[in-house]
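Structure first, commentary second.
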Amino acid sequence: MKKLLLTFSLILSLFAFSNTTYAKEVKAAFVYVGPVGDGGWTYAHDLGRRELEKLGIETTYVESVPETDSQRVLRNLARRGYNVIFTTSFGFMDPTLEVAKQFPDVIFMHCSGFKTADNMGNYFARMYQAKYLAGMVAGMQTKTDEIGVIGSHPIPEIVRHINAFTLGARSVNPDATVNVIWVNSWFDPAKEGAAANTLMDNGADVVHITTDSAAATQAANKRGLYAIGNDSDMTLYGPKAHLTAPIFNWGRYYVELVRRVQDDKWTSDSEWWGMNTGIVDLSKFGKMVDPKVQEIVNKKKQEIVTGRYQVFTGPIYDRDGKLVVEKGAVPSDTELLTMNYFIDGVKGNL
């Protein structure tokens, strides 16, 4: 009997060892639209990539890739043996799809898009939840009731984020308005800094960005005004100005995705993780943010995390006074992903 038990235990241990040994080997590559040192979007993705390296996963990245050159970059990575490739900008969607057809044995994951293929999925995080909370901070911090936002590109993702930010601001300060200036770029510190100064010249005492650099935070710091960063904690660039920032924790997703690939459980899908997973959050509050403000925001955060509060709960009106979300209703994900209107309280061209 003891021999049988010993033999059975040995078989189990060999089976476990076999599973561990023969898990699919992953070599992961990342394609970035900006430099890893941008302090924002690309920097946040690269922090996630580093989480994979901590687990012993081989990774590489190519930074500051123009969308027009992305197919060449993707083909090169696939030919070099990288079998999981992440493309981290909306404009990479169609090039990723095209190259995915050419390399059916490589898994491609596109961030913020909506197209899929047998070997291509897409993923994003519900950053609008953290934007709402950041808007609350801005709404309670402003003394002029004028809040400035530097817009990157007028695509549904950015429109959705600006609307969520405005909803948050006006939930605590109905007199607050949000003025948007577009720079039509993801990363252009000179344009971002100039736009921030223009917004502050026009009365904004809090500026927020949907772009990738910390130029606005630096500009606000010089002028003794306030800023809310984007995608990562930007306190370093303006400690006297930085109130907080909606941030990504991409490592949570990248680790999960790679484990699926290793376990041969990956399937093509569209995923949109929320604040309850920890993938989006607020950075630490600046010392100038009143404890009562922090308490109010943290309470709302818990409501969002637990699902008791949905950011875009109606009634919501657009700038023309049209009811776009009925009272008590919540837009579907499809409606959120295709949002193409500004809500009441937003100033600036769309």
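Just one of (1) farther than 20 Å from Gly238 by Cβ; (2) crowded, with 24+ Cβ neighbours inside 10 Å trips up Arg160, so point out which.
Result: Arg160 fails condition (2) only.
So, in the stretch 56-68, exactly how many residues are of a type outside the set (S, T, N, Q) and loosely packed, with under 13 Cβ neighbours inside 10 Å?
Result for the stretch 56-68: 2.
Consider Thr177 carefully, then state whether it is modelled with pLDDT of 95 or more, among the hydroxyl-bearing types (Ser, Thr, Tyr) and more than 19 Å from the chain's Cα centre (by Cα).
Working: modelled with pLDDT of 95 or more: yes; among the hydroxyl-bearing types (Ser, Thr, Tyr): yes; more than 19 Å from the chain's Cα centre (by Cα): yes.
Here the answer is yes, as Thr177 does meet what is asked.
Scan the stretch 318-328 and give yes if some residue there is touching a residue at least 24 places away in the same chain (Cβ under 8 Å) and either in contact with a Gly (Cβ under 7 Å, 6 or more places away or on another chain) or closer than 19 Å to Gly151 by Cβ (or both), otherwise no.
Yes: the stretch 318-328 contains one or more residues that are touching a residue at least 24 places away in the same chain (Cβ under 8 Å) and either in contact with a Gly (Cβ under 7 Å, 6 or more places away or on another chain) or closer than 19 Å to Gly151 by Cβ (or both).
Taking the condition of being in a strand (DSSP E or B), of a type in the set (Gly, Ala, Ser) and over 19 Å from the mean Cα position of the chain (by Cα), how many residues in the stretch 133-164 meet it?
The qualifying residues number 1.
Please verify whether the stretch 79-88 includes one or more residues that are over 30 Å from Lys24 (Cα atoms) and touching a helix residue (DSSP H, G or I) at 6+ places or on another chain (Cβ under 7 Å).
Within the stretch 79-88, none of the residues are over 30 Å from Lys24 (Cα atoms) and touching a helix residue (DSSP H, G or I) at 6+ places or on another chain (Cβ under 7 Å).
Scan the stretch 265-274 and give yes if some residue there is closer than 26 Å to Ile181 by Cα and surrounded by fewer than 17 Cβ atoms within 10 Å (Cβ to Cβ), otherwise no.
No, the stretch 265-274 contains no residue that is closer than 26 Å to Ile181 by Cα and surrounded by fewer than 17 Cβ atoms within 10 Å (Cβ to Cβ).
Among the residues of the stretch 40-89, which ones are in contact (Cβ under 8 Å) with a residue 24 or more places away in the chain, more than 18 Å from Leu257 (Cβ to Cβ) and in a helix (DSSP H, G or I)?
Matches in the stretch 40-89: Trp41, Thr42, Tyr43, Glu67, Ser70, Gln71, Val73, Arg75.
Matching residues to (1) aliphatic (A, V, I, L, M); (2) over 19 Å from the mean Cα position of the chain (by Cα):
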residue: Ser185; (1), (2): no, no
residue: Ala190; (1), (2): yes, yes
residue: Gly193; (1), (2): no, yes
residue: Asn197; (1), (2): no, yes
residue: Asp201; (1), (2): no, yes
residue: Val206; (1), (2): yes, yes
residue: Thr210; (1), (2): no, no
residue: Ala216; (1), (2): yes, no
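Applying the selection to the stretch 316-340, what residues are surrounded by 14 or more Cβ atoms within 10 Å (Cβ to Cβ) and closer than 11 Å to Arg160 by Cβ?
Across the stretch 316-340, the qualifying residues are Pro331, Glu335, Leu336, Leu337, Met339.
Quick one: in the stretch 238-285, which of the residues that are part of a loop (DSSP other than H, G, I, E, B) and of a type in the set (Phe, Trp, Tyr) is nearest to Gly307 (Cα to Cα)?
The extreme case among them is Trp250.
What are the residues in the stretch 333-350 that are of a type in the set (Asp, Glu) and either part of a loop (DSSP other than H, G, I, E, B) or within 19 Å of Asn179 (Cβ to Cβ) (or both), if any?
Passing the criteria: only Asp344.
Among residues belonging to the stretch 204-237 that are part of a loop (DSSP other than H, G, I, E, B) and either free of Cβ contacts under 8 Å to residues at least 24 places away in the same chain or hydrophobic (A, V, I, L, M, F, W, C) (or both), point out the one that is surrounded by the fewest Cβ atoms within 10 Å (Cβ to Cβ).
If we take residues in the stretch 204-237 being part of a loop (DSSP other than H, G, I, E, B) and either free of Cβ contacts under 8 Å to residues at least 24 places away in the same chain or hydrophobic (A, V, I, L, M, F, W, C) (or both), then Gly224 is surrounded by the fewest Cβ atoms within 10 Å (Cβ to Cβ).
Show the residue pairs meeting these rules: Cβ distance below 8 Å; 6+ apart or different chains; first residue within the stretch 281-295 and within 28 Å of Phe124 (Cβ to Cβ) and at pLDDT 95 or above; second residue in a loop (DSSP other than H, G, I, E, B) and among the small types (Gly, Ala, Ser).
So the pair list comes out as Leu282/Ala245; Ser283/Gly229; Ser283/Ser232; Ser283/Ala245; Gly286/Ala241.
Could you say which residue among Ser171, Ser185 is out of contact with any strand residue (DSSP E or B) (no Cβ under 7 Å at 6 or more places or on another chain), among the polar types (S, T, N, Q) and assigned to a helix (DSSP H, G or I)?
Within the list Ser171, Ser185, the selection yields Ser171.
Could you please find all residues in the stretch 295-308 being surrounded by fewer than 15 Cβ atoms within 10 Å (Cβ to Cβ), of a type outside the set (Asp, Glu) and out of contact with any Leu (no Cβ under 9 Å at 6 or more places or on another chain)?
Listed by number, the residues that qualify are Lys299, Gln302, Thr306, Gly307, Arg308.
The values are calculated or read from the model by the stated rules, or taken from the named source; none is laboratory data. It should be emphasised that the depicted structure is a prediction, and the values quoted were computed from it without experimental measurement. Here the Cβ is made from the backbone with ideal geometry for all residues, glycine too, and neighbour counts use every protein chain on show.
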